[in-house]
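For reference, the structure is listed below as structure tokens.
The values are calculated or read from the model by the stated rules, or taken from the named source; none is laboratory data. Nothing here was measured: the structure is a model prediction, and the numbers come from that model. In this analysis, Cβ positions are derived from the backbone assuming ideal geometry, glycine residues included, and neighbour counts consider all displayed protein chains.
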Amino acid sequence: MILDLDIGNTLSKWRLKDADSSEIRSRGAVWTREEWRPGSDIPDLDVVEAVRISSVARRAVLEETVSLLRRQVGVVHVARSTPEALGVVNGYEEPARLGVDRWLGTLASYQLAGGCCSVDCGSAITIDFVLPGGRHLGGYILPGLRLMKESLQLGTRNVAIDPDSEAEELLLPGKRTVEAVNHGIYMAAVSAVNRIYSEVCDREDVALPMLLTGGDARVVSRGIQVPHAVWPDMVYGGLEACFPLTAAERAGKMSGAPRIPPPVSLEKIRAALAFSMLL
């Protein structure tokens with residue numbers, strides 16, 4: 001089995017992948033902590049032959065995790081943000097400072113779609129762009145839905161946005177404080193993603209496909225105005241591309257990769273952008 005770990009600042013996600021069939025056998029998530037308890041927090045390491053790790057948590061968390069795993073697993077791969085990988089040139093002035101989850105998402109989306117806009121809707125919403133030739137432009141970071149809600153301190157933090165709500169409903173004025181908060185932060189998030197996408201495509205003279213991932217991708221997706229796909233395993237896809245361990249991965253296949261809808265024309269993007277500027 002292959003254990004893939006996506007360690008965030010608050011939540012750590014894992015999945016077990018069959019090394020022979022490339023099938024995902026199980027997955028889960030635990031709160032990120034510096035001291036891990038084998039057995040209760042992570043899968044049975046006796047069946048694991050290799051581990052791949054993406055981590056944006058504190059260094060102590062990563063070091064403790066790697067130390068635990070290397071005592072029981074023969075192969076441990078830790079992803080790093082590099083100046084260049086898999087045909088993509090990192091757009092950061094200091095490439096190592098780009099969050100590795102963003103880097104892996106960018107690499108995965110580029111392998112799947114070529115030039116792409118990748119949006120990670122987690123604790124923060126990150127938006128990264130890579131052009132068809134592989135030049136990563138950098139990106140944008142804004143508060144995620146939960147962080148925006150917590151910043152208001154109105155006692156509504158535990159009332160989540162219903163992921164099954166229609167976008168039209170979430171964009172209406174709220175008639176209770178909880179609704180007003182949820183609809184307001186939703187409007188802020190989807191408006192930012194839509195506007196940033198249009199501005200960058202206009203400036204770079206290219207219409208890019210869009211991929212969404214992260215815990216809030218499903219609900220944010222409902223308010224995105226351009227064709228896009230949701231790929232929950234995008235970061236894992238980056239790990240697969242960087243450290244291919246199965247026959248399918250070595251052939252370029254990434255787990256759960258969606259069909260990419262073609263983007264709308266650049267003319268339509270510019271027309272919508274021009275209209276929004278008139279309002």
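Considering only helices (runs of 4 or more DSSP H) fully contained in the range 176-279, which possess at least 2 residues that are farther than 24 Å from ILE24 by Cβ and β-branched (Val, Ile, Thr)?
Values: elements: 177-204, 217-221, 234-242, 247-250, 266-278.
Result: 177-204.
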Notebook entry, point to check: Restricting to the range 15-54, what's the tally of residues that are modelled with pLDDT of 95 or more and of a type in the set (Gly, Ala, Ser)?
Noted result: 2
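When you check GLY237 against the structure, is it buried (at least 20 other Cβ atoms within 10 Å of the Cβ) and not β-branched (Val, Ile, Thr), yes or no?
On the way: buried (at least 20 other Cβ atoms within 10 Å of the Cβ): yes; not β-branched (Val, Ile, Thr): yes.
So GLY237 passes the test.
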Item checked: Checking VAL200 against (1) in contact with a strand residue (DSSP E or B) (Cβ under 9 Å, 6 or more places away or on another chain); (2) at pLDDT 95 or above; (3) within 26 Å of VAL51 (Cβ to Cβ), the condition it does not meet -> (3)
Checklist line | ARG218, sole failed condition from (1) more than 21 Å from ALA108 (Cα to Cα); (2) surrounded by fewer than 15 Cβ atoms within 10 Å (Cβ to Cβ); (3) among the charged types (D, E, K, R) | finding: (1)
Notebook entry, point to check: Which one of ILE185, ILE224, ILE196 is surrounded by fewer than 21 Cβ atoms within 10 Å (Cβ to Cβ), of a type in the set (A, V, I, L, M, F, W, C) and touching a helix residue (DSSP H, G or I) at 6+ places or on another chain (Cβ under 8 Å)?
Noted result: ILE224
Next item on the list: Quick one: which residue in ARG135, ARG146 is of a type in the set (Lys, Arg), surrounded by fewer than 22 Cβ atoms within 10 Å (Cβ to Cβ) and at pLDDT below 95?
Entry: ARG146
Next item on the list: State whether one or more residues within the range 218-226 are of a type outside the set (A, V, I, L, M), in contact with a His (Cβ under 8 Å, 6 or more places away or on another chain) and either at pLDDT 90 or above or not assigned by TED's automatic domain parsing to the domain that holds PRO261 (or both).
Entry: yes
Next item on the list: Could you list, in sequence order, all residues of the range 38-95 that are assigned to a loop (DSSP other than H, G, I, E, B), charged (D, E, K, R), touching a residue at least 24 places away in the same chain (Cβ under 8 Å) and farther than 21 Å from LYS17 by Cβ?
Entry: ARG58
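Does LEU98 satisfy being farther than 25 Å from PRO209 by Cβ and either within 17 Å of the chain's Cα centre (by Cα) or in contact (Cβ under 8 Å) with a residue 60 or more places away in the chain (or both)?
When the stated conditions are applied, LEU98 does not pass them.
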Next item on the list: Out of the residues in the range 163-177 that are surrounded by 12 or more Cβ atoms within 10 Å (Cβ to Cβ) and not hydrophobic (A, V, I, L, M, F, W, C), state the one that is modelled with the highest pLDDT.
Entry: THR177
